[in-house]
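Undergrad: Below are the structure tokens for one structure; questions will follow.
The values are calculated or read from the model by the stated rules, or taken from the named source; none is laboratory data. Note that the coordinates shown come from a computational prediction; the quantities given were computed from them, not determined experimentally. Note that each Cβ is placed from the backbone with ideal geometry, even for glycine, and that neighbours are counted across all protein chains shown.
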């Protein structure tokens, strides 16, 4: 039988996590323009990388595209977390980490590169165009939580 204090400590841990996640909201001047620019550069780099793999371009020639994808994607993740920590538990953040998981498998299964790149792009496309009530749904809170800014 669980001890009565187990529920209290779990509740306070959850409460502390929610408070920490929600306390990190920061306004960034020009955030919409910056996010749109980064996303555009990211999509261009992803297109180059995907096309290169699709048409069997030598991996050394795709290095710039790969580095551009990693740089712009990393900057987008940092931007979102800087703007609002709760992003990591919202479905839009969970989708991003799911894409990274699919991409990490490429190192273990290089024959699946096109399929995994396609899966990653599909997750990104679907999650970007989900209604806000799903995109901003927090898996920690079980409801829409945090900032619900547009863009």
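Undergrad: With the structure loaded, tell me whether residue 93 is surrounded by 12 or more Cβ atoms within 10 Å (Cβ to Cβ), out of contact with any helix residue (DSSP H, G or I) (no Cβ under 8 Å at 6 or more places or on another chain) and without any contact (Cβ under 8 Å) to a residue 40 or more places away in the chain or whether it fails that test.
TA: No: the conditions fail for residue 93.
Undergrad: A further question follows. For residues in region 28-77 being farther than 30 Å from residue 111 by Cα and free of Cβ contacts under 8 Å to residues at least 12 places away in the same chain, which is nearest to the chain's Cα centre (by Cα)?
TA: For region 28-77, the residue satisfying everything is 37.
Undergrad: Could I ask something else about it? When you scan region 1-21, do you find a residue that is modelled with pLDDT under 95, closer than 29 Å to residue 118 by Cβ and either out of contact with any helix residue (DSSP H, G or I) (no Cβ under 8 Å at 6 or more places or on another chain) or not assigned by TED's automatic domain parsing to the domain that holds residue 126 (or both), even just one?
TA: No: region 1-21 contains no residue that is modelled with pLDDT under 95, closer than 29 Å to residue 118 by Cβ and either out of contact with any helix residue (DSSP H, G or I) (no Cβ under 8 Å at 6 or more places or on another chain) or not assigned by TED's automatic domain parsing to the domain that holds residue 126 (or both).
Undergrad: Sort out which residues of region 118-151 are over 19 Å from residue 80 (Cα atoms) and under 15 Å from the mean Cα position of the chain (by Cα), and write them in order of number.
TA: Selection gives 119, 122.
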